[in-house]
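Enquirer: This structure is in structure tokens; I'll ask about it shortly.
The values are calculated or read from the model by the stated rules, or taken from the named source; none is laboratory data. All values derive from a computational prediction rather than experimental measurement. Every residue, glycine as well, gets a Cβ built from its backbone with ideal geometry; the counts of neighbours run over all protein chains shown.
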Amino acid sequence: MRRIMVANPKGGSGKSTLAIHLASWFARNDELVYLADLDRQQSTRNWLKERPGHLAPIHHWEVDSDEFDKPPANCNVAVLDTPAGLHGKRLKLFLNEMDKVLVPVSPSRFDMLACREFFEELSEMKAVRKDRVDIGVVGMRVDPRTIASRQLVDFLQQFDLPLIACIRQAQRYVHAVETGVTLFDGGTVDPVDQIQWKPLLDWLVRRR
């Protein structure tokens with residue numbers, strides 16, 4: 001079973017967008033996928049309700065916000081969408097149960113400042129220090145033509161964490177959140193999106 005957590009201490013960083021697309025991609029590739037939502041707003045759970053029935057199924061995984069409820073035994077891929085402000089004992093609790101952790105970061109100074117402390121906290125966690133959990137960073141809403149996006153890349157290079165991929169800003173992601181249909185649910189994926197998502201998907205399926 002693959003267990004993937006999407007985490008960032010700040011709201012609006014793209015956690016839910018990233019989580020639903022990962023769940024959708026794995027489901028489309030015939031994996032039995034469960035998606036959990038720890039956020040009070042329940043964005044991904046509401047997204048599941050909007051997902052058309054003819055698409056590859058993604059199942060809801062109920063997780064207590066203060067405990068870790070293991071995914072069902074038949075699960076192949078478990079994706080955990082976490083709330084803003086996750087830290088301390090709760091972060092450690094969930095981190096210890098994961099194989100991969102993705103930290104989406106947008107090219108905003110507020111995002112970058114919030115992530116600095118988060119990266120430092122992650123590095124102190126025993127599961128990370130013992131190399132039992134792979135942690136990767138994903139740039140969200142990145143436009144390489146902008147100064148802000150170049151500053152994001154420079155900022156992330158300060159840390160001993162791999163920048164796995166940079167995902168562009170596009171209206172199709174907003175549409176995916178509203179309709180339950182992701183980029184991976186339709187026909188052919190735009191070549192630009194294929195190039196941007198490939199290193200991330202390869203990193204997720206790679207065995208340790």
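Enquirer: Does Leu93 fit the bill of being of a type outside the set (Asp, Glu), surrounded by fewer than 20 Cβ atoms within 10 Å (Cβ to Cβ) and in contact with a helix residue (DSSP H, G or I) (Cβ under 6 Å, 6 or more places away or on another chain)?
Expert: no
Enquirer: Looking at (1) under 17 Å from the mean Cα position of the chain (by Cα); (2) buried (at least 20 other Cβ atoms within 10 Å of the Cβ), which one does Ala84 not meet, given that it meets all the others?
Expert: Here Ala84 meets the rest and fails (2).
Enquirer: Further question: Does at least one position in the range 48-70 carry a residue that is hydrophobic (A, V, I, L, M, F, W, C), under 26 Å from Phe184 (Cα atoms) and assigned to a helix (DSSP H, G or I)?
Expert: Yes, the range 48-70 contains at least one residue that is hydrophobic (A, V, I, L, M, F, W, C), under 26 Å from Phe184 (Cα atoms) and assigned to a helix (DSSP H, G or I).
Enquirer: Let me ask something additional. So, restricting to strands (runs of 3 or more DSSP E) that lie completely within the range 93-167, which ones have at least 1 residues that are among the small types (Gly, Ala, Ser)?
Expert: 134-139, 163-166
Enquirer: State whether the residues of the range 115-124 include one that is at pLDDT 85 or above and within 22 Å of Asp190 (Cα to Cα).
Expert: no
Enquirer: So Gln157 fits all but one of (1) closer than 22 Å to Lys100 by Cβ; (2) surrounded by 13 or more Cβ atoms within 10 Å (Cβ to Cβ); (3) free of Cβ contacts under 8 Å to residues at least 24 places away in the same chain; what number is the exception?
Expert: (2)
Enquirer: Could you go through the range 15-34 and let me know if any residue there is of a type in the set (A, V, I, L, M, F, W, C), in contact with an Asp or Glu (Cβ under 7 Å, 6 or more places away or on another chain), surrounded by 13 or more Cβ atoms within 10 Å (Cβ to Cβ) and more than 21 Å from Lys198 (Cα to Cα).
Expert: No, the conditions are met nowhere in the range 15-34.
Enquirer: Something else now. Go through the range 172-193 residue by residue and tally those that are buried (at least 18 other Cβ atoms within 10 Å of the Cβ), of a type outside the set (A, V, I, L, M, F, W, C) and closer than 14 Å to His54 by Cα.
Expert: The number of residues fulfilling the criteria is 3.
Enquirer: Taking the range 186-208 as the region of interest, how many residues are among the aliphatic types (A, V, I, L, M) and at pLDDT below 90?
Expert: 1
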